[in-house]
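Have a look at the structure below, then the notes.
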Amino acid sequence: MNTLASDREALRPPLVDSFGRRITYLRLSVTDRCDLRCRYCMSEVMTFLPRSELLTIEELGVIADAFVARGVKRIRLTGGEPLVRRGINDLALHIGRQLGGGTLDELTLTTNATRLAEHADLLAEAGVRRVNVSLDSLDADRFRLITRTGELDKVLGGIAGAKAAGLTIKINMVALKGLNENEIEPMIRWCGDQGFDLTLIETMPLGVVDEDRTDRYLPLDGVRARLAERFTLETIADRTGGPARYVRVRETGTRLGLITPLTNNFCDGCNRVRLTASGRLYMCLGHDDRIDLKAVLRSGGRRAVDAALDRALLSKPERHMFRIGGRGAAPALGRHMSVTGG
Ligand code: SAM
Ligand code: SF4
């Protein structure tokens, strides 16, 4: 670490919550809007935030800086679809300047890849090295059925563009009963061929969508057991402080992550907080407690944000409260994943 960076860390204490967990990871949602309407994520008709309520690109940069100064080492840009936000490249370049020198270790992005081909070079220039791409099906018709509007070719083009720009790719696939469960094995093979990691995700009860998620909920413990009959799954220790557990699929070489918020509680090592595009800081994806960092920033500037982070951390809960309710039950939280930032 260079002297400047270590001085800065010494001056500003790291962010630690009341359970002793150090916060080193920020998920920064830059918009709640999206060009797709994935069935488990959004309703067909959505009301998005008025643009006037969003943090500006400059404000997003100031808040990111405040987190980095308090020891945040990884920032993930997300949404909604981050690449539909105007100015996203400027924000990536701004945050990317903090990379190296012992301050920020990683700037990443979660995207549906429909616009990734146009952005990949610039993201790489900003210092992005890895992207997560959501891809729930490799069949064009099923992809459209799941996303309601998506064109698989565009997404595959985006993935190819990212590969050409030298970015490492991890595919996120939400496992959906009766929709893509028979595509899990082909996806593992495809990711192995392409050299991509794959993470399977259980649907989480966030926000009202047009369907009952209970019908689509596919517990990954069962998926894993079935995969173990077809493949050799070698447990690997990789933990990122996040919810995924990892195995290596020996036959394909794929590193496979399983995110099981409902069948397992993953909160003990939680190292993250989430900021929405309108400046709400959520300490937990599965709770409604938040503080309004936009108001804090606009009334008191960067110093006030710094003080607010300590107050916010005190309210980070010990664990989430997810549970898929019975048929027809309301979602655990009214907030969509696209608002909080997945
Ligand atoms: N639009 C980008 C994308 O799809 O990658 C970034 C935002 S999206 C909200 C981030 C991740 O959350 C995606 O991998 C998506 O599949 C996942 N997701 C969205 N709603 C979800 C839900 N209700 N349960 C589980 N995962 C969800
Ligand atoms: Fe958009 Fe991502 Fe939600 Fe799909 S999962 S609707 S791509 S925000």
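The slack in the chain from D310 to T232, taken as 0.36 nm per residue of separation less the alpha-carbon distance, amounts to 23.5 nm.
Per-residue 3J(HN,Hα) values for the range 229-237, derived from phi via the Karplus relation 6.51 cos²θ - 1.76 cosθ + 1.60 with θ = phi - 60°, read 7, 9, 10, 8, 9, 9, 5, 10, 7 Hz in sequence order (x marks Gly and Pro). Shown for the chain: cysteine residues without a partner Cβ closer than 4.7 Å, namely C34, C191, C267, C270, C284. Express the carbon and sulfur contribution to the solvent-accessible surface of the range 3-340 as a percent, rounded to the nearest whole number, probe 1.4 angstrom. Percent of accessible area from carbon and sulfur atoms in the range 3-340: 49. The 1.4 Å probe gives accessible areas that order T149, T111, T235, T47, largest first, as T47, T235, T149, T111.
Exceedance of the 28 Å cut-off in Cα-Cα distance is limited, within the set K154/K294; K73/K316; K154/K316, to K154/K294; K154/K316.
Helix-only arithmetic for the chain: the sum of -39500 (n - 2.57) across DSSP H runs with n ≥ 4, divided by the residue total, places the mean residue ellipticity at 222 nm at -10000 deg cm²/dmol. Pairwise Cα separations in the range 70-156 fall into 10 Å bins from 0 onward with the following percentages, short to long: 17, 45, 26, 11, 2. Computed 3J(HN,Hα) for the range 267-284, one whole-Hz value per residue from the Karplus formula 6.51 cos²θ - 1.76 cosθ + 1.60 where θ = phi - 60°, is 7, 4, x, 4, 10, 10, 9, 10, 10, 7, 5, 9, x, 7, 9, 9, 7, 8, glycine and proline marked x.
With a ≥ b ≥ c the root eigenvalues of the C-alpha gyration tensor of the range 134-230, is it rounded (a/c under 1.5), prolate (a/b larger than b/c) or oblate? Intermediate values should be presented prior to the final figure.
Numbers: a/c = 1.96, a/b = 1.27, b/c = 1.55.
Oblate, since a/c reaches 1.5 and b/c is not below a/b.
Note on the chain: Cα-only Rg and Dmax are 19.4, 59 Å.
Note that the range 3-340 presents 42 Å² accessible area per residue, ligands and nucleic acids not counted, probe 1.4 Å. Treating the angle as unsigned and between 0 and 90°, give the value, to the nearest 10°, between the Cα long axis of helix 116-126 and the longest Cα principal axis of the chain. Long axis of 116-126 versus the principal axis of the chain: about 40 degrees. As a ratio to 2.2 N^0.38 Å, the alpha-carbon radius of gyration for the range 25-112 is 1.14. Remark: relative contact order (the chain) = 21 percent; criterion is Cα-Cα distance under 8 angstrom and separation of 6 or more residues. Couplings 3J(HN,Hα) for the range 294-311, derived from phi with the Karplus relation 6.51 cos²θ - 1.76 cosθ + 1.60 (θ = phi - 60°), are 5, 4, 4, 5, 6, 8, x, x, 4, 4, 5, 4, 4, 5, 5, 4, 5, 4 Hz, where x marks Gly and Pro.
Between the residues I75, S299, M42, the greatest Cα displacement towards the positive end of the dipole of the chain, with unit charges on the Cβ of Lys, Arg, Asp and Glu, is found for S299.
Using the Cβ-Cβ distance between E118 and F48 with R0 set to 30 Å, the FRET efficiency from 1/(1 + (r/R0)^6) comes to roughly 0.85. Between R130 and E185, the FRET efficiency estimated from the beta carbon spacing at R0 = 25 angstrom works out to 0.50. Using a simple spin-label model with pseudo-atoms 7 Å out from Cα toward Cβ, A164 and T56 lie 3.5 nm apart.
What FRET efficiency comes out for the pair S299/D153, r = Cβ-Cβ distance, R0 = 51 Å, nearest 0.05? Efficiency for this residue pair is about 0.60.
The values are calculated or read from the model by the stated rules, or taken from the named source; none is laboratory data. Computed from a predicted model, the values in this text were never measured in an experiment. Cβ atoms come from the backbone with ideal geometry, glycine included; neighbour counts cover every protein chain shown. Accessible surface areas use protein heavy atoms only, side chains included; no ligands, DNA or RNA. Shrake-Rupley method; radii C 1.70, N 1.55, O 1.52, S 1.80 Å.
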